[in-house]
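Chemist: Starting off with a structure, shown below.
Each reported figure results from applying straightforward, stated rules to the coordinates on display, with no laboratory input. Just so it is clear, the model here is predicted, and its values are computed rather than measured. Every residue, glycine as well, gets a Cβ built from its backbone with ideal geometry; the counts of neighbours run over all protein chains shown.
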Amino acid sequence: MKIRRGFISNSSSSSFILASDRPLEDITVTVSMKLDTIVEDQLKTKRELDNFILDEYDWRGERTLEEVLASDDELKAIYEKMTQLINEGKTILVGVVSSEDDNALSAIIYNEGFGETDGDFEIIRDTR
C-alpha cells in the first residue's frame, strides 16, 4: 500500500515543489500585491485627517479633536506624523488586514507586518 505523506491538495492547503542550488536558509520568496485591495481611506488634506480621527476614535461625536488626541499619547504622535506628511504633499493610506481574511496576502501582512519597503511608501504604524 502506498501512503501519501506531505504532498496533498485540497481546499485548505496546496503543495509545492521547488529546486535550487542555494542552501534553503539563503532563499527568500517575495510576494507582491496592489495596496488598493486593502486600503480603505486616502487622506490628502488635514481636514480629511481630522474627520477621519474623529470618525474612528469618537464615533459618538461627543469630543473635540483636541480631547480625542489628549486621551491617547500614541494616537497623538501618529496624528502629528500624519499631519507632517500631509504638509509635505503625501497621501495617508489607511487600511485594515485580518488573520481571518479571504485574501492570503492580507493575512500574511496581519501576522508579519509590511517588512522592508522599496521606497514607495513609509510605514507610520505597522500591523505588529
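Chemist: Report the FRET efficiency, 1/(1 + (r/R0)^6), for residue 65 and residue 114, where r is their Cβ-Cβ distance and R0 is 25 Å, rounded to 0.05.
Modeler: Efficiency at R0 = 25 Å is approximately 0.35.
Chemist: Here are labelled values, [x] 62; [y] 57; [z] 42, and one is the computed percent of Cα pairs over 20 Å apart for what I pasted. Which one?
Modeler: Checking each listed value against the structure points to [x].
Chemist: Starting at the first residue of the stretch 15-22, write each ³J(HN,Hα) from the Karplus equation 6.51 cos²θ - 1.76 cosθ + 1.60 with θ = phi - 60°, in whole Hz, x for Gly and Pro.
Modeler: Values, residue by residue: 8, 8, 9, 10, 9, 7, 9, 9 Hz.
Chemist: Restrict the search to the stretch 36-116; then list the chymotrypsin sites (Phe, Trp or Tyr not before Pro) that DSSP places in a loop and that have at most 16 other Cβ atoms within 10 Å of their Cβ.
Modeler: For chymotrypsin sites (Phe, Trp or Tyr not before Pro) across the stretch 36-116 that sit outside H, G, I, E and B with at most 16 neighbouring Cβ atoms in 10 Å, the list reads 59, 114.
Chemist: Moving on to the next point. Take the chain, connect every pair of alpha-carbon atoms lying under 10 Å apart with a spring to form a Gaussian network, then pick out the residue of 21, 36, 118 with the largest mean-square fluctuation.
Modeler: 21
Chemist: Build a GNM of the chain with springs between Cα atoms under 10 Å: which of 45, 91, 28 gets the top mean-square fluctuation?
Modeler: Between 45, 91, 28, it is 28 that shows the largest mean-square fluctuation.
Chemist: Please give the contour-minus-distance gain from residue 104 to residue 30: 0.36 nm per residue of separation, less the Cα-Cα distance, rounded to one decimal in nm.
Modeler: 25.3 nm
Chemist: Multiply the residue gap between residue 74 and residue 122 by 0.36 nm, knock off their C-alpha separation, and tell me the result in nm, one decimal place.
Modeler: Result: 15.5 nm gained on full extension.
Chemist: In the stretch 58-121, what trypsin sites (Lys or Arg not before Pro) fall in a loop by DSSP, with at most 13 other Cβ atoms inside 10 Å?
Modeler: The qualifying sites are 60.
Chemist: Please report the spacing between the Cα centers of the stretch 92-128 and the stretch 39-56 in Å, no decimals.
Modeler: Result: 19 Å between the Cα centres.
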